[in-house]
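Take a look at the structure set out below.
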Amino acid sequence: MVGEGDRPGTAFGALPPVMRLLVGTQLAFNVGFFMVVPYLAVHLATDLALAGGLVGLVLGLRTFSQQGLFVVGGTLADRWGAKPVILAGCALRVVGFVLLGVATSLPGVLAGALLTGFAAALFSPAVESALAREAGELPPGGPTRADVFAMFAVSGQVGTVVGPLVGAGLLLVDFGLACAVAAAAFVLIGLAHLRWLPPRPAAHADEPVFAGWAEVVRNRRFLVFAAGYSAYLLCYNQLYLALPVELERGTGGQGALGWLFALAAVMVILGQVPTTRWARRRRVGTPILLGFGLMSAAFLLVAAALPAAPAGPWPAVGFVVLLTAGQMLAGPVAQALVPVLAAERRLGAYFGVLSSAGGLAVLVGSTAVGTLLDDAVAPAVTAWLVLAAVPLVGAAVIGALARRGALHS
(Lines give C-alpha, C1' and ligand atoms only; values in the text may rest on other atoms or scores of the structure.)
Protein backbone atom coordinates (compact mmCIF):
# COMPACT_ATOMS: atom_id res chain seq x y z
CA MET A 1 0.00 0.00 0.00
CA VAL A 2 1.15 3.52 -0.75
CA GLY A 3 1.05 5.66 2.37
CA GLU A 4 -0.32 9.17 2.41
CA GLY A 5 3.17 10.62 2.57
CA ASP A 6 4.10 8.64 -0.54
CA ARG A 7 1.51 10.36 -2.71
CA PRO A 8 3.14 12.85 -5.08
CA GLY A 9 0.60 15.57 -4.29
CA THR A 10 1.10 15.23 -0.53
CA ALA A 11 4.89 15.21 -0.83
CA PHE A 12 4.79 18.20 -3.18
CA GLY A 13 2.67 20.21 -0.77
CA ALA A 14 5.23 19.66 2.00
CA LEU A 15 7.96 21.44 0.03
CA PRO A 16 8.87 25.12 0.61
CA PRO A 17 7.38 27.55 -1.96
CA VAL A 18 10.60 28.01 -3.93
CA MET A 19 11.02 24.26 -4.36
CA ARG A 20 7.39 23.89 -5.39
CA LEU A 21 8.08 26.48 -8.09
CA LEU A 22 11.14 24.58 -9.33
CA VAL A 23 9.42 21.17 -9.30
CA GLY A 24 6.31 22.62 -10.95
CA THR A 25 8.55 24.23 -13.54
CA GLN A 26 9.36 20.80 -14.98
CA LEU A 27 5.66 20.15 -15.55
CA ALA A 28 5.17 23.51 -17.25
CA PHE A 29 8.30 23.10 -19.37
CA ASN A 30 7.17 19.70 -20.62
CA VAL A 31 3.60 20.80 -21.32
CA GLY A 32 4.89 23.66 -23.48
CA PHE A 33 7.55 21.52 -25.15
CA PHE A 34 5.36 18.49 -25.94
CA MET A 35 2.60 20.68 -27.35
CA VAL A 36 4.83 21.25 -30.37
CA VAL A 37 7.90 19.02 -30.75
CA PRO A 38 6.19 15.60 -31.21
CA TYR A 39 4.34 17.09 -34.19
CA LEU A 40 7.26 18.99 -35.68
CA ALA A 41 8.39 16.25 -38.07
CA VAL A 42 4.90 15.91 -39.58
CA HIS A 43 4.65 19.70 -39.96
CA LEU A 44 8.02 19.87 -41.73
CA ALA A 45 7.25 16.99 -44.08
CA THR A 46 3.57 17.74 -44.77
CA ASP A 47 3.02 21.48 -44.40
CA LEU A 48 6.46 22.66 -45.59
CA ALA A 49 7.15 19.68 -47.93
CA LEU A 50 10.75 19.25 -46.72
CA ALA A 51 12.61 16.12 -47.81
CA GLY A 52 13.16 13.37 -45.25
CA GLY A 53 16.86 14.13 -44.97
CA LEU A 54 16.16 17.78 -44.17
CA VAL A 55 13.56 16.79 -41.58
CA GLY A 56 16.15 14.56 -39.93
CA LEU A 57 18.70 17.39 -40.05
CA VAL A 58 16.35 19.81 -38.31
CA LEU A 59 15.44 17.32 -35.59
CA GLY A 60 19.05 16.27 -35.09
CA LEU A 61 20.30 19.83 -34.77
CA ARG A 62 17.53 20.61 -32.30
CA THR A 63 18.55 17.67 -30.13
CA PHE A 64 22.26 18.53 -30.33
CA SER A 65 21.68 22.20 -29.49
CA GLN A 66 19.88 21.01 -26.35
CA GLN A 67 21.58 17.91 -24.98
CA GLY A 68 25.05 18.63 -26.27
CA LEU A 69 25.14 22.16 -24.82
CA PHE A 70 23.82 21.46 -21.32
CA VAL A 71 27.34 21.99 -20.02
CA VAL A 72 27.21 25.59 -21.31
CA GLY A 73 23.97 26.34 -19.48
CA GLY A 74 25.24 24.76 -16.29
CA THR A 75 28.46 26.75 -16.39
CA LEU A 76 26.58 30.02 -16.94
CA ALA A 77 24.28 29.20 -14.01
CA ASP A 78 27.34 28.87 -11.76
CA ARG A 79 28.74 32.15 -13.08
CA TRP A 80 25.61 34.31 -13.09
CA GLY A 81 23.19 32.43 -10.84
CA ALA A 82 20.23 30.25 -11.77
CA LYS A 83 17.59 32.97 -12.09
CA PRO A 84 19.00 35.02 -15.01
CA VAL A 85 19.91 31.86 -16.92
CA ILE A 86 16.40 30.41 -16.47
CA LEU A 87 14.88 33.71 -17.63
CA ALA A 88 17.18 33.82 -20.68
CA GLY A 89 16.23 30.24 -21.55
CA CYS A 90 12.51 31.04 -21.32
CA ALA A 91 12.97 34.09 -23.57
CA LEU A 92 14.88 32.09 -26.18
CA ARG A 93 12.26 29.36 -26.21
CA VAL A 94 9.50 31.94 -26.76
CA VAL A 95 11.39 33.31 -29.78
CA GLY A 96 12.12 29.78 -31.02
CA PHE A 97 8.48 28.67 -30.89
CA VAL A 98 7.33 31.86 -32.62
CA LEU A 99 9.84 31.23 -35.40
CA LEU A 100 8.74 27.61 -35.80
CA GLY A 101 5.13 28.76 -36.05
CA VAL A 102 5.69 31.40 -38.75
CA ALA A 103 8.67 30.02 -40.71
CA THR A 104 7.95 28.84 -44.24
CA SER A 105 11.52 28.05 -45.32
CA LEU A 106 14.41 25.93 -44.08
CA PRO A 107 16.53 28.79 -42.61
CA GLY A 108 13.66 29.99 -40.43
CA VAL A 109 12.84 26.47 -39.27
CA LEU A 110 16.49 25.78 -38.45
CA ALA A 111 16.74 29.00 -36.44
CA GLY A 112 13.60 28.14 -34.49
CA ALA A 113 14.75 24.58 -33.82
CA LEU A 114 18.20 25.67 -32.66
CA LEU A 115 16.76 28.33 -30.35
CA THR A 116 14.26 25.95 -28.75
CA GLY A 117 17.04 23.44 -28.16
CA PHE A 118 19.57 25.90 -26.76
CA ALA A 119 16.88 27.36 -24.52
CA ALA A 120 16.60 24.01 -22.73
CA ALA A 121 20.38 23.81 -22.53
CA LEU A 122 20.19 27.03 -20.54
CA PHE A 123 17.27 26.52 -18.19
CA SER A 124 17.35 22.76 -17.50
CA PRO A 125 20.76 22.53 -15.74
CA ALA A 126 20.02 25.84 -14.00
CA VAL A 127 16.75 24.47 -12.60
CA GLU A 128 18.36 21.15 -11.60
CA SER A 129 21.28 22.81 -9.84
CA ALA A 130 18.98 25.27 -8.05
CA LEU A 131 16.73 22.40 -6.97
CA ALA A 132 19.69 20.38 -5.70
CA ARG A 133 20.99 23.37 -3.73
CA GLU A 134 17.60 24.15 -2.19
CA ALA A 135 17.02 20.47 -1.33
CA GLY A 136 20.42 20.30 0.33
CA GLU A 137 19.31 23.00 2.79
CA LEU A 138 16.12 21.26 3.91
CA PRO A 139 16.07 20.39 7.63
CA PRO A 140 16.78 16.78 8.70
CA GLY A 141 13.74 14.54 8.85
CA GLY A 142 12.11 16.07 5.79
CA PRO A 143 12.35 15.15 2.11
CA THR A 144 15.81 14.21 0.88
CA ARG A 145 17.37 15.23 -2.40
CA ALA A 146 16.39 11.87 -3.87
CA ASP A 147 12.76 12.46 -2.81
CA VAL A 148 12.79 15.90 -4.41
CA PHE A 149 14.20 14.59 -7.69
CA ALA A 150 11.55 11.85 -7.61
CA MET A 151 8.87 14.55 -7.45
CA PHE A 152 10.72 16.38 -10.23
CA ALA A 153 10.47 13.23 -12.39
CA VAL A 154 6.77 12.83 -11.62
CA SER A 155 6.14 16.47 -12.54
CA GLY A 156 7.93 16.01 -15.85
CA GLN A 157 5.94 12.88 -16.69
CA VAL A 158 2.64 14.65 -16.07
CA GLY A 159 3.81 17.28 -18.55
CA THR A 160 4.70 14.68 -21.15
CA VAL A 161 1.16 13.28 -20.92
CA VAL A 162 -0.70 16.60 -20.90
CA GLY A 163 1.42 18.41 -23.50
CA PRO A 164 0.72 16.15 -26.51
CA LEU A 165 -3.00 16.09 -25.70
CA VAL A 166 -3.16 19.88 -25.67
CA GLY A 167 -1.04 20.04 -28.81
CA ALA A 168 -3.26 17.55 -30.64
CA GLY A 169 -6.30 19.71 -29.89
CA LEU A 170 -4.57 22.88 -31.09
CA LEU A 171 -3.36 21.16 -34.26
CA LEU A 172 -6.97 20.68 -35.28
CA VAL A 173 -6.79 24.41 -36.00
CA ASP A 174 -3.19 25.05 -37.05
CA PHE A 175 0.43 24.19 -36.19
CA GLY A 176 1.11 27.89 -35.81
CA LEU A 177 -1.54 28.12 -33.09
CA ALA A 178 0.14 25.30 -31.14
CA CYS A 179 3.45 27.17 -31.37
CA ALA A 180 1.81 30.42 -30.25
CA VAL A 181 0.20 28.78 -27.21
CA ALA A 182 3.50 27.09 -26.31
CA ALA A 183 5.29 30.44 -26.60
CA ALA A 184 2.66 32.04 -24.35
CA ALA A 185 3.18 29.24 -21.82
CA PHE A 186 6.89 30.05 -21.64
CA VAL A 187 6.11 33.74 -21.21
CA LEU A 188 4.08 32.79 -18.13
CA ILE A 189 6.83 30.46 -16.89
CA GLY A 190 9.37 33.25 -17.23
CA LEU A 191 7.14 35.73 -15.41
CA ALA A 192 6.60 33.25 -12.57
CA HIS A 193 10.35 32.86 -12.10
CA LEU A 194 10.91 36.59 -12.39
CA ARG A 195 8.39 37.13 -9.60
CA TRP A 196 8.95 34.22 -7.21
CA LEU A 197 12.43 32.75 -7.75
CA PRO A 198 14.79 34.52 -5.30
CA PRO A 199 17.94 36.00 -6.90
CA ARG A 200 20.48 33.86 -5.07
CA PRO A 201 24.02 35.19 -5.45
CA ALA A 202 26.14 33.11 -7.80
CA ALA A 203 28.69 31.12 -5.83
CA HIS A 204 31.37 31.58 -8.50
CA ALA A 205 30.56 35.02 -9.90
CA ASP A 206 34.12 36.33 -9.58
CA GLU A 207 35.83 33.36 -11.19
CA PRO A 208 36.57 32.73 -14.89
CA VAL A 209 33.78 31.02 -16.82
CA PHE A 210 35.96 28.06 -17.79
CA ALA A 211 37.15 27.45 -14.23
CA GLY A 212 34.07 25.28 -13.70
CA TRP A 213 34.95 23.03 -16.63
CA ALA A 214 38.51 22.67 -15.34
CA GLU A 215 37.24 21.65 -11.91
CA VAL A 216 34.88 19.04 -13.34
CA VAL A 217 37.62 17.58 -15.56
CA ARG A 218 39.90 17.21 -12.53
CA ASN A 219 37.17 15.34 -10.60
CA ARG A 220 37.93 11.83 -11.81
CA ARG A 221 35.40 10.03 -9.64
CA PHE A 222 32.62 12.21 -11.07
CA LEU A 223 33.79 11.65 -14.65
CA VAL A 224 33.78 7.89 -14.05
CA PHE A 225 30.31 8.16 -12.52
CA ALA A 226 29.08 10.22 -15.49
CA ALA A 227 30.47 7.62 -17.91
CA GLY A 228 28.63 4.85 -16.08
CA TYR A 229 25.43 6.87 -15.77
CA SER A 230 25.43 7.64 -19.50
CA ALA A 231 24.25 4.05 -19.98
CA TYR A 232 20.99 5.13 -18.31
CA LEU A 233 20.32 7.81 -20.93
CA LEU A 234 21.26 5.54 -23.82
CA CYS A 235 18.83 2.89 -22.54
CA TYR A 236 16.06 5.45 -22.04
CA ASN A 237 16.46 6.63 -25.63
CA GLN A 238 15.53 3.14 -26.87
CA LEU A 239 11.89 3.96 -26.13
CA TYR A 240 12.14 6.10 -29.26
CA LEU A 241 14.44 3.91 -31.36
CA ALA A 242 14.27 0.20 -30.51
CA LEU A 243 10.73 0.02 -29.11
CA PRO A 244 9.01 1.06 -32.39
CA VAL A 245 11.08 -1.57 -34.22
CA GLU A 246 9.91 -4.30 -31.82
CA LEU A 247 6.29 -3.19 -32.10
CA GLU A 248 6.53 -3.33 -35.88
CA ARG A 249 7.94 -6.85 -35.66
CA GLY A 250 5.46 -8.11 -33.08
CA THR A 251 2.25 -6.49 -34.28
CA GLY A 252 2.89 -5.33 -37.83
CA GLY A 253 2.43 -1.67 -36.87
CA GLN A 254 3.06 0.97 -34.24
CA GLY A 255 -0.50 1.66 -33.19
CA ALA A 256 0.22 0.63 -29.58
CA LEU A 257 3.17 3.04 -29.20
CA GLY A 258 1.09 5.80 -27.64
CA TRP A 259 -0.43 3.39 -25.13
CA LEU A 260 3.00 2.13 -24.11
CA PHE A 261 4.25 5.66 -23.52
CA ALA A 262 1.14 6.28 -21.44
CA LEU A 263 1.88 3.10 -19.44
CA ALA A 264 5.40 4.33 -18.68
CA ALA A 265 4.08 7.74 -17.64
CA VAL A 266 1.46 6.24 -15.32
CA MET A 267 4.09 4.03 -13.68
CA VAL A 268 6.25 7.06 -12.93
CA ILE A 269 3.38 9.28 -11.78
CA LEU A 270 1.98 6.69 -9.37
CA GLY A 271 5.11 4.86 -8.31
CA GLN A 272 8.13 7.17 -8.47
CA VAL A 273 7.89 8.77 -5.02
CA PRO A 274 7.35 5.53 -3.00
CA THR A 275 9.98 3.74 -5.11
CA THR A 276 12.54 6.43 -4.36
CA ARG A 277 11.71 6.42 -0.66
CA TRP A 278 12.34 2.68 -0.63
CA ALA A 279 15.55 3.10 -2.64
CA ARG A 280 17.13 5.80 -0.49
CA ARG A 281 16.95 3.55 2.57
CA ARG A 282 19.32 1.12 0.84
CA ARG A 283 23.10 1.24 0.74
CA VAL A 284 24.56 3.94 -1.50
CA GLY A 285 24.71 2.70 -5.10
CA THR A 286 22.51 -0.36 -4.59
CA PRO A 287 19.32 1.14 -6.15
CA ILE A 288 21.32 2.21 -9.20
CA LEU A 289 22.71 -1.29 -9.65
CA LEU A 290 19.25 -2.82 -9.25
CA GLY A 291 17.79 -0.33 -11.69
CA PHE A 292 20.47 -1.02 -14.28
CA GLY A 293 19.87 -4.75 -13.82
CA LEU A 294 16.16 -4.29 -14.59
CA MET A 295 17.01 -2.27 -17.69
CA SER A 296 19.28 -5.06 -18.90
CA ALA A 297 16.49 -7.58 -18.24
CA ALA A 298 14.16 -5.46 -20.39
CA PHE A 299 16.40 -5.89 -23.42
CA LEU A 300 17.04 -9.58 -22.69
CA LEU A 301 13.27 -10.18 -22.57
CA VAL A 302 12.88 -8.98 -26.14
CA ALA A 303 15.99 -10.88 -27.25
CA ALA A 304 14.49 -14.08 -25.82
CA ALA A 305 11.18 -13.48 -27.62
CA LEU A 306 12.74 -12.86 -31.04
CA PRO A 307 13.34 -16.48 -32.12
CA ALA A 308 9.67 -17.33 -31.54
CA ALA A 309 6.82 -16.38 -33.82
CA PRO A 310 5.56 -12.81 -33.40
CA ALA A 311 4.00 -12.70 -29.94
CA GLY A 312 1.95 -9.57 -30.42
CA PRO A 313 2.63 -6.56 -28.19
CA TRP A 314 3.54 -8.51 -25.03
CA PRO A 315 7.35 -8.48 -25.35
CA ALA A 316 7.11 -4.71 -25.93
CA VAL A 317 4.86 -4.32 -22.88
CA GLY A 318 7.32 -6.27 -20.72
CA PHE A 319 10.16 -4.21 -22.12
CA VAL A 320 8.48 -0.92 -21.19
CA VAL A 321 7.56 -2.11 -17.69
CA LEU A 322 11.06 -3.38 -16.86
CA LEU A 323 12.86 -0.43 -18.44
CA THR A 324 10.65 2.11 -16.65
CA ALA A 325 10.99 0.31 -13.31
CA GLY A 326 14.76 0.37 -13.70
CA GLN A 327 14.74 4.07 -14.46
CA MET A 328 12.52 4.76 -11.46
CA LEU A 329 15.01 3.02 -9.18
CA ALA A 330 18.19 4.51 -10.63
CA GLY A 331 17.36 8.01 -11.86
CA PRO A 332 16.52 10.16 -8.81
CA VAL A 333 19.10 8.40 -6.62
CA ALA A 334 21.82 9.04 -9.21
CA GLN A 335 20.84 12.71 -9.55
CA ALA A 336 20.97 13.11 -5.78
CA LEU A 337 24.56 11.83 -5.83
CA VAL A 338 25.77 14.61 -8.14
CA PRO A 339 26.08 17.26 -5.37
CA VAL A 340 27.93 14.70 -3.22
CA LEU A 341 30.42 13.96 -5.98
CA ALA A 342 30.72 17.68 -6.68
CA ALA A 343 31.42 18.48 -3.01
CA GLU A 344 28.46 20.91 -3.24
CA ARG A 345 30.38 23.13 -5.67
CA ARG A 346 29.57 24.26 -9.22
CA LEU A 347 26.38 22.23 -9.38
CA GLY A 348 25.36 23.83 -12.67
CA ALA A 349 28.55 22.69 -14.39
CA TYR A 350 28.32 19.20 -12.90
CA PHE A 351 24.67 18.67 -13.90
CA GLY A 352 25.48 20.09 -17.33
CA VAL A 353 28.39 17.72 -17.87
CA LEU A 354 26.28 14.77 -16.68
CA SER A 355 23.61 15.55 -19.29
CA SER A 356 26.09 16.30 -22.06
CA ALA A 357 27.91 13.01 -21.42
CA GLY A 358 24.59 11.23 -21.76
CA GLY A 359 23.85 13.14 -24.95
CA LEU A 360 27.18 12.06 -26.44
CA ALA A 361 26.47 8.45 -25.48
CA VAL A 362 23.05 8.65 -27.12
CA LEU A 363 24.52 10.18 -30.28
CA VAL A 364 27.19 7.51 -30.67
CA GLY A 365 25.30 4.57 -29.21
CA SER A 366 22.03 5.11 -31.01
CA THR A 367 23.82 5.40 -34.33
CA ALA A 368 25.37 1.99 -33.71
CA VAL A 369 22.11 0.49 -32.42
CA GLY A 370 20.16 1.87 -35.36
CA THR A 371 22.60 0.15 -37.70
CA LEU A 372 22.31 -3.16 -35.83
CA LEU A 373 18.51 -3.00 -35.90
CA ASP A 374 18.69 -3.22 -39.69
CA ASP A 375 18.07 -6.88 -40.60
CA ALA A 376 20.35 -6.50 -43.60
CA VAL A 377 23.29 -5.72 -41.29
CA ALA A 378 22.92 -8.22 -38.44
CA PRO A 379 20.44 -10.74 -37.00
CA ALA A 380 17.68 -8.97 -35.09
CA VAL A 381 18.74 -10.44 -31.75
CA THR A 382 22.21 -8.87 -31.97
CA ALA A 383 21.06 -5.32 -31.27
CA TRP A 384 19.03 -6.39 -28.23
CA LEU A 385 21.91 -8.38 -26.75
CA VAL A 386 24.26 -5.44 -27.26
CA LEU A 387 21.72 -3.16 -25.58
CA ALA A 388 21.39 -5.60 -22.68
CA ALA A 389 25.14 -5.32 -22.12
CA VAL A 390 25.10 -1.50 -21.95
CA PRO A 391 23.46 -1.13 -18.50
CA LEU A 392 25.56 -4.02 -17.18
CA VAL A 393 28.71 -2.13 -18.13
CA GLY A 394 27.28 1.01 -16.48
CA ALA A 395 26.46 -1.01 -13.35
CA ALA A 396 29.99 -2.42 -13.26
CA VAL A 397 31.46 1.09 -13.39
CA ILE A 398 29.19 2.53 -10.70
CA GLY A 399 29.49 -0.63 -8.60
CA ALA A 400 33.27 -0.26 -8.59
CA LEU A 401 32.90 3.32 -7.32
CA ALA A 402 30.49 2.16 -4.60
CA ARG A 403 32.86 -0.61 -3.41
CA ARG A 404 35.67 1.92 -3.09
CA GLY A 405 33.44 4.26 -1.04
CA ALA A 406 33.67 6.93 -3.78
CA LEU A 407 29.92 7.63 -3.72
CA HIS A 408 30.02 8.94 -0.16
CA SER A 409 30.60 12.56 0.73
Exercise for review: Any chance you could count how many residues in segment 12-26 are among the small types (G, A, S) and surrounded by 18 or more Cβ atoms within 10 Å (Cβ to Cβ)?
Suggested key: 1
Practice item. Output the number of the condition that C90 fails; it satisfies all remaining conditions of (1) at positive phi; (2) in contact with a His (Cβ under 8 Å, 6 or more places away or on another chain). Key: (1)
Review point. Within the bounds of segment 272-281, is there any residue that is touching a helix residue (DSSP H, G or I) at 6+ places or on another chain (Cβ under 6 Å), aromatic (F, W, Y), under 29 Å from R403 (Cα atoms) and not in a loop (DSSP other than H, G, I, E, B)?
Key: no
**Study point:** Residue that is surrounded by the most Cβ atoms within 10 Å (Cβ to Cβ), among those in segment 352-382 that are within 17 Å of the chain's Cα centre (by Cα) and among the β-branched types (V, I, T)
**Key:** V353
Review point. Restricting the first residue to segment 158-172 and requiring it to be under 17 Å from A183 (Cα atoms), which pairs with a second residue that is of a type in the set (S, T, Y) and part of a helix (DSSP H, G or I) meet a Cβ separation below 9 Å and a spacing of at least six or different chains?
Key: P164/Y39; G167/Y39; A168/Y39; L171/Y39
Practice item. Would you be able to say whether some residue in segment 282-296 is open to solvent by 30 Å² or more (accessible area, probe 1.4 Å) and over 20 Å from A406 (Cα atoms)? Key: yes
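This table checks each residue for (1) open to solvent by 20 Å² or more (accessible area, probe 1.4 Å); (2) in contact with a strand residue (DSSP E or B) (Cβ under 8 Å, 6 or more places away or on another chain); (3) modelled with pLDDT of 90 or more.
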residue: A28; (1), (2), (3): yes, no, yes
residue: M35; (1), (2), (3): no, no, no
residue: L76; (1), (2), (3): yes, no, no
residue: L87; (1), (2), (3): yes, no, yes
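Taking L131 as the residue in question, decide whether it is hydrophobic (A, V, I, L, M, F, W, C), at pLDDT 85 or above and crowded, with 23+ Cβ neighbours inside 10 Å.
When the stated conditions are applied, L131 passes them.
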Review point. For A150, are the conditions met, namely being in contact with a Pro (Cβ under 9 Å, 6 or more places away or on another chain), touching a residue at least 60 places away in the same chain (Cβ under 8 Å), of a type in the set (A, V, I, L, M, F, W, C) and closer than 30 Å to R200 by Cα?
Key: yes
Review point. A349 is checked against (1) in contact with a Leu (Cβ under 8 Å, 6 or more places away or on another chain); (2) crowded, with 17+ Cβ neighbours inside 10 Å and fails just one. What number does that condition carry?
Key: (1)
Exercise for review: Tell me which of these L289 doesn't satisfy, since it passes every other one: (1) out of contact with any helix residue (DSSP H, G or I) (no Cβ under 9 Å at 6 or more places or on another chain); (2) of a type in the set (A, V, I, L, M); (3) assigned to a helix (DSSP H, G or I).
Suggested key: (1)
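Residues are listed down the side, and each one gets a yes or a no for (1) closer than 18 Å to G331 by Cα; (2) under 23 Å from the mean Cα position of the chain (by Cα):
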site: A214; (1), (2): no, no
site: L223; (1), (2): yes, yes
site: G228; (1), (2): yes, yes
site: A242; (1), (2): no, yes
**Study point:** Which listed residue, of L323, L341, is open to solvent by less than 50 Å² (accessible area, probe 1.4 Å) and within 22 Å of A256 (Cα to Cα)
**Key:** L323
**Study point:** Candidates E215, E248 - the one that is acidic (D, E) and free of Cβ contacts under 8 Å to residues at least 12 places away in the same chain
**Key:** E248
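Of all residues in segment 93-105 being open to solvent by 50 Å² or more (accessible area, probe 1.4 Å) and aliphatic (A, V, I, L, M), which is nearest to L191 (Cα to Cα)?
Applying the filter and picking the extreme gives V95.
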Point to revise | Test: residue in segment 398-409 that is farther than 30 Å from V85 by Cβ, surrounded by fewer than 23 Cβ atoms within 10 Å (Cβ to Cβ), modelled with pLDDT under 90 and among the polar types (S, T, N, Q) | key: no
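The values are calculated or read from the model by the stated rules, or taken from the named source; none is laboratory data. Here the structure is a predicted model, which is why all the values come from computation and not from measurement. In this analysis, Cβ positions are derived from the backbone assuming ideal geometry, glycine residues included, and neighbour counts consider all displayed protein chains. Ligands, DNA and RNA are excluded from the accessible area calculation, which covers all protein heavy atoms including side chains. Shrake-Rupley method; radii C 1.70, N 1.55, O 1.52, S 1.80 Å.
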